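Chemist: Sharing a structure below in structure tokens format, with a few things to ask.
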Amino acid sequence: MRPQDEGTAGVPRARALLERHRGRALRGLGRFEESRDRLGAALRYFRANGDTYNTARALTDLAETWLDASDTAAARPLIEAAISTLSGQSAEYHVAHLRGMRERCPAEERGTG
């Protein structure tokens, strides 16, 4: 593919989306470290390019990976960041999901202990 070819501009975003989905698949296989590596790469791309929706999705995926590994302390700040990223974006369903994830974190880790 040459730089002037149609669709070339979308390739980096498509690669980031693929990394995100690979990370989700690795999480499903219990390969948490590899999952976090791929999700982190996707997150960096989305943040750098101002893609707030996919930033929030990658944050959510990372948080779910930490929750699956029983590390609520690592998951909680990612959940909070995703909620903050989605505020004002008419993403009520996703925010409700994130709040449910947050409830899985012990109260002392949420700062309400």
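The values are calculated or read from the model by the stated rules, or taken from the named source; none is laboratory data. All of these numbers come straight from a predicted model, not from anything done at the bench. Don't worry about glycine lacking a Cβ; one is built from the backbone with ideal geometry, like all the others, and counts go over all protein chains shown. These accessible areas exclude ligands, DNA and RNA; they are computed on the full protein's heavy atoms, side chains included. Shrake-Rupley method; radii C 1.70, N 1.55, O 1.52, S 1.80 Å.
Chemist: In the range 9-33, what residues are open to solvent by 80 Å² or more (accessible area, probe 1.4 Å) and part of a helix (DSSP H, G or I)?
Modeler: ALA9, ARG13, ARG15, LEU18, HIS21, ARG22, ARG24, GLU33
Chemist: Could you check how many residues of the range 77-90 are buried (at least 19 other Cβ atoms within 10 Å of the Cβ) and at pLDDT below 95?
Modeler: Of the residues in the range 77-90, 2 are buried (at least 19 other Cβ atoms within 10 Å of the Cβ) and at pLDDT below 95.
Chemist: Starting from the range 57-77, take each residue that is outside any helix (DSSP H, G or I) and list its partners that are open to solvent by 10 Å² or more (accessible area, probe 1.4 Å), counting only C-beta distances under 6 angstrom and pairs at least six apart or across chains.
Modeler: Cβ pairs passing all conditions: ALA69/PHE32.
Chemist: Looking at LEU98, LEU62, which one is crowded, with 17+ Cβ neighbours inside 10 Å, under 26 Å from ARG15 (Cβ atoms) and within 10 Å of the chain's Cα centre (by Cα)?
Modeler: LEU62
Chemist: Something else: Working only within the range 34-50, note down all residues that are outside any helix (DSSP H, G or I) and either modelled with pLDDT under 95 or of a type in the set (Gly, Ala, Ser) (or both).
Modeler: If the condition is that a residue be outside any helix (DSSP H, G or I) and either modelled with pLDDT under 95 or of a type in the set (Gly, Ala, Ser) (or both), then GLY50 is the only one that fits.
Chemist: Being within 18 Å of LEU18 (Cα to Cα) and aromatic (Phe, Trp, Tyr) is the filter here; which residues of the range 48-102 pass it?
Modeler: Passing the criteria: only TYR53.
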